Amino acid sequence: LRKCLYNAGFRPGDIVMNTFSYHLTPAGIFLDDACNGIGCVTVPTGVGNTEIQVKTMAGLKINGYIGVPSFLMSLIKKMEELGHDTAKGLSMEIALVAGEILSPSLRKGLNDYGIIVRQAYITAELGGVAYECPQENGMHISDDLYIEICDPVTGEPLPPGSIGEVVVTDFSNECYPLVRYGTGDLSVLDEGECLCGRTSYKLKGIMGRADEVTKIKGMFVHPRQIDEAAAKFSDEIEKIRVVVTRSGVTDMMTVEIQLKHGVAGIDTLKTAIDEKIRESTKLRGNTVFVAEIPEGSKKIEDKRKWD
Ligand SMILES: [Zn+2]
């Protein structure tokens, strides 16, 4: 991860806010450690508390950001809302983003504020897997990893250029070697030469999840979590599905409910379902009652477009 940060452009003396969670996930600590390791000053702001984060960002003249890209945009928008002049007063110069698909429009939006945005592919098991160079057209794979792109169903390696599951072999960690570890993430391997001069192959971005697990607002949501919440309402709910869309740079989660015959879609029921969904997914959704959920639809329908 140190390499990842250095390649992204972080340098000793930078004041960097790390907005990954320090709680129940290793991302916060991993990156904190790497950031201090290359001589940056790390400000461990963690997730949430947008207004305090904005005050911290402005007060400490923070020039580096680590976290999901949409949250950086939310911070900037909040700054503007609070009357800061982001055209002149924004000290932010560089961002290392991960944990979420970075759309070209969001990158452009952040670039317009004078921020360089570099993506990294980081997993809890492996740490930094790949990172973007200044060419910003794919992520160079870390030297000590061997990566295959495989058919998610059979596990067989696919021919160059195919989209498939990223499978990683890592012998660099002696306590925890991993052989052909299936990440569940989809990507394409780019074996071409890169203008930056690095010779390692690249991953052409992360294109989604191999199974039905979906990342919403940076959190994994599994169909099981939805079923778990629905099970509390077995007398009322006939069918349930989650539809994920995107409004601007923010993921929106709509919980569609088809009620059992004769059950009224009243507000108290809607509130109760909202609450259970939040309990099981840690995300705030919006419950709507629909006449019918189409036959054969997925439990989590991802309708986001990444253009
Ligand atoms: Zn390159």
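Worth a mention:
- Here is the figure for region 160-195: residues that are polar (S, T, N, Q) and over 19 Å from the mean Cα position of the chain (by Cα) total 4.
- The C-beta contact set for region 165-180 (first residue basic (K, R), second residue assigned to a loop (DSSP other than H, G, I, E, B), distance under 6 angstrom, 6+ apart or interchain) is empty.
- Subset of region 277-307 that is in a strand (DSSP E or B) and in contact with a helix residue (DSSP H, G or I) (Cβ under 9 Å, 6 or more places away or on another chain) - its residue that is nearest to V242 (Cα to Cα): I300
- Single match in G99, G64 (criterion: touching a strand residue (DSSP E or B) at 6+ places or on another chain (Cβ under 8 Å), open to solvent by less than 10 Å² (accessible area, probe 1.4 Å) and of a type in the set (G, A, S)): G64
- Residue match in region 114-127 (condition: assigned to a strand (DSSP E or B), within 16 Å of the ligand (Cβ to nearest atom), open to solvent by 50 Å² or more (accessible area, probe 1.4 Å) and not acidic (D, E)): yes
- Residue under evaluation G48, criteria (1) in contact with a strand residue (DSSP E or B) (Cβ under 9 Å, 6 or more places away or on another chain); (2) farther than 26 Å from Y176 by Cα, criterion not met: (1)
- Scanning region 136-146 for any residue that is out of contact with any Asp or Glu (no Cβ under 6 Å at 6 or more places or on another chain), outside the structural domain of E292 (by TED's automatic domain parsing), part of a strand (DSSP E or B) and more than 16 Å from the ligand (Cβ to nearest atom) turns up at least one such residue.
- Under the condition of being at pLDDT 90 or above and open to solvent by 100 Å² or more (accessible area, probe 1.4 Å), the residues counted in region 292-302 number 1.
- Residue count for region 209-237, restricted to those that are open to solvent by 60 Å² or more (accessible area, probe 1.4 Å), over 19 Å from I273 (Cα atoms) and of a type in the set (A, V, I, L, M, F, W, C): 2.
For (1) surrounded by fewer than 17 Cβ atoms within 10 Å (Cβ to Cβ); (2) not hydrophobic (A, V, I, L, M, F, W, C); (3) not assigned by TED's automatic domain parsing to the domain that holds N286, each residue gets a yes or a no:
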{"position": "P157", "(1), (2), (3)": "yes, yes, yes"}
{"position": "I163", "(1), (2), (3)": "yes, no, yes"}
{"position": "V168", "(1), (2), (3)": "no, no, yes"}
{"position": "R180", "(1), (2), (3)": "yes, yes, yes"}
{"position": "L186", "(1), (2), (3)": "no, no, yes"}
{"position": "D190", "(1), (2), (3)": "no, yes, yes"}
{"position": "K239", "(1), (2), (3)": "no, yes, no"}
{"position": "V243", "(1), (2), (3)": "no, no, no"}
{"position": "M253", "(1), (2), (3)": "no, no, no"}
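- All strands (runs of 3 or more DSSP E) inside region 149-264 with 1 or more residues being away from the ligand (no atom under 16 Å from the Cβ) and at pLDDT 90 or above: 163-170, 178-190, 237-247, 250-259
- Options L75, L96; residue that is in the same structural domain as V54 (by TED's automatic domain parsing), more than 16 Å from the ligand (Cβ to nearest atom) and under 16 Å from T19 (Cα atoms): L75
- Condition broken by E93, with the remaining ones in (1) open to solvent by 60 Å² or more (accessible area, probe 1.4 Å); (2) touching a Phe, Trp or Tyr at 6+ places or on another chain (Cβ under 8 Å); (3) not hydrophobic (A, V, I, L, M, F, W, C) satisfied: (2)
- Tally, over region 28-61, of residues that are touching a Gly at 6+ places or on another chain (Cβ under 7 Å), buried (at least 21 other Cβ atoms within 10 Å of the Cβ) and modelled with pLDDT under 95: 1
- Among (1) crowded, with 22+ Cβ neighbours inside 10 Å; (2) away from the ligand (no atom under 16 Å from the Cβ) - the single one A130 does not satisfy: (2)
- Checking G197 against (1) small (G, A, S); (2) touching a strand residue (DSSP E or B) at 6+ places or on another chain (Cβ under 7 Å); (3) at positive phi, the condition it does not meet: (2)
The values are calculated or read from the model by the stated rules, or taken from the named source; none is laboratory data. Please read all numbers here as calculations on a predicted model, not as lab measurements. Glycine gets a Cβ as well: all are built from the backbone with ideal geometry, and neighbour counts include every protein chain shown. Protein only, heavy atoms only, side chains kept; ligands, DNA and RNA dropped before computing areas. Shrake-Rupley method; radii C 1.70, N 1.55, O 1.52, S 1.80 Å.
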